[in-house]
Amino acid sequence: MDDDRGATIRAAMEQMPHARALSMRIEAIGGGAASISMPWEACLVGDPATGVIHGGAVSALMDTCAGAAVMTVPGAVGTATLDLRIDYMRPATPGQRIRARAVCYHVTRHVAFVRATATDDDEGRPVAAATGAFTVERGPAPTPEATP
Amino acid sequence: MTRPPRRPEPVQVVKERRDAALRALVEGVPYIGFLGIRFDRRGDELTAILPFDEKLIGNPLLPALHGGVTAAFLEVAAIIELAWTLLWEEMERGRIDPAAPDMLRALRLPRTIDLTVDYLRPGLPRDAYARARVNRSGRRYASVHVEAWQDNRARLFAQGTGHFLMPDPG
């Protein structure tokens, strides 16, 4: 059930200018979850003294990953972030790829609740964690009496 | 014995010093340049400006700013406001001379502990602005609130609160 929707979401992400600007790559997608990674780049550094990537770039990765996870929900045709809280647990090691994993842990008709973590090569110690609420935009209702 | 009253510094000298300090703070961070964020200064008040660019788009169909860009913009505005508040005090007391680049490099940026972003409406494909307010600034921790808008100051498109770990003194 991964395959069709996964391919559609992959194609959509390739059209997303900001995901391209950060060279994001989908590692896995489907079943209410997604994993997306991004390389370390000098232009993304937030602290020039250490070369550590800016928290904002990590947020962008986690937001994208969470949104992609929501898009795998059956019937979802669009999503937008309502609220996102990011905890920065430690500086990401400069030069290493950052990988985000997101899971929709609860989905209602209009809202998806998502958790995400970000890691570098040391996968046992997350760099950041996030929780968010996302809108779930659904296609035309299957029955005419269905109300929004 | 009383000294003769000192003449106030010429306004241009004061402005130049403050602008140099702000420039050094902002230009030191590559990611701020990557997003294209600039800062406008009126006295000690800062406004962050995010000029629209194609690469900031998240949803090309609407089109709308990427939610991650909005989060990053709020975080940059908050952290620079906090660093600027610290820098301003040091500068006004004459403890930091922005003309000496080493002094500014020694001023480390606060580190983000967490950031909560409230997305109020889609970010439109046009310039965005943000202002941050330091609600609490202690020796070790700070809490900063930040608001972002586009065409209309009263219609925020996002707001956020972040907690920050202060840089070690000295």
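Interface residues of the range B:116-146, defined as a loss of at least 20 Å² in heavy-atom accessible area between the chain alone and the complex of all protein chains with a 1.4 Å probe, are B:Thr116, B:Val117, B:Tyr119. For chain B, modelled as a GNM whose springs connect Cα atoms under 10 angstrom apart, the maximal fluctuation among B:Ile57, B:Ile32, B:Ile113 occurs at B:Ile113. In the range B:66-81, burial by the other protein chains removes 50 Å² or more of 1.4 Å probe accessible surface, compared with the chain on its own, from B:His66, B:Glu75.
Panel note: contact residues of the range A:1-47 (accessible area lowered by at least 50 Å² against the chain on its own; 1.4 Å probe) correspond to A:Pro17, A:His18, A:Cys43. Only the Cβ atoms of Lys and Arg (+1) and of Asp and Glu (-1) were treated as charged; on that basis the dipole of the range A:3-138 about its Cα centre amounts to roughly 260 debye. Projecting the Cα atoms of A:Ala92, A:Thr131, A:Gly56 onto the charge dipole of chain A, computed from C-beta unit charges around the Cα centre, puts A:Thr131 farthest toward the positive end.
Near the amide H of A:Leu22, within less than 5 Å, lie no amide hydrogens of residues on another chain or at least 5 residues away, with H placed in the peptide plane.
Angle of helix A:55-71 to the longest C-alpha principal axis of chain A, folded into 0 to 90 degrees and rounded to 10: 20°. Accessible area lost on pairing A with B, both sides, 1.4 Å probe, Å² to nearest 100? The contact between B and A buries close to 2400 Å². Against the longest alpha carbon principal axis of chain B, how many degrees, from 0 to 90 and to the nearest 10, is the axis of helix B:11-27 turned? Approximately 50 degrees, to the nearest 10. If I build a Gaussian network model for chain B, linking alpha-carbon pairs within less than 10 angstrom, which residue out of B:Ala20, B:Ala130, B:Ala158 has the largest mean-square fluctuation? Most flexible of the set in this elastic network: B:Ala20. Against the main long axis of the alpha-carbon atoms of chain B, helix B:67-92 sits at an angle near 10°. Rolling a 1.4 Å probe over the heavy atoms of the protein chains gives the range A:3-138 an accessible area of 41 Å² per residue. Electrostatic bookkeeping for B:Leu62 treats Lys and Arg as +1 and Asp and Glu as -1; over the other residues with beta carbon under 13 Å from its beta carbon, the sum is +1. Set against the 2.2 N^0.38 Å expectation for a compact globular protein, the range A:3-138 has a Cα radius of gyration ratio of 1.01.
Taking chain B as a Gaussian network of alpha-carbon nodes connected by springs under 10 Å, the highest mean-square fluctuation of the residues B:Gln12, B:Gln159, B:Gln150 belongs to B:Gln12. Using the 1.4 Å probe convention, the accessible area of chain B works out to 55 Å² per residue with neighbouring protein chains retained. Here the accessible area is traced with a 1.4 Å probe on the protein chains. For the protein assembly as shown, carbon and sulfur cover 53 percent of it.
The values are calculated or read from the model by the stated rules, or taken from the named source; none is laboratory data. Since the structure is predicted, the reported quantities are computational estimates derived from the model, not experimental observations. Please note: Cβ atoms are built from the backbone with ideal geometry, for glycine as well, and neighbour counts cover all protein chains shown. We work out accessible area using only protein heavy atoms, side chains counted, and drop any ligands, DNA or RNA first. Shrake-Rupley method; radii C 1.70, N 1.55, O 1.52, S 1.80 Å.
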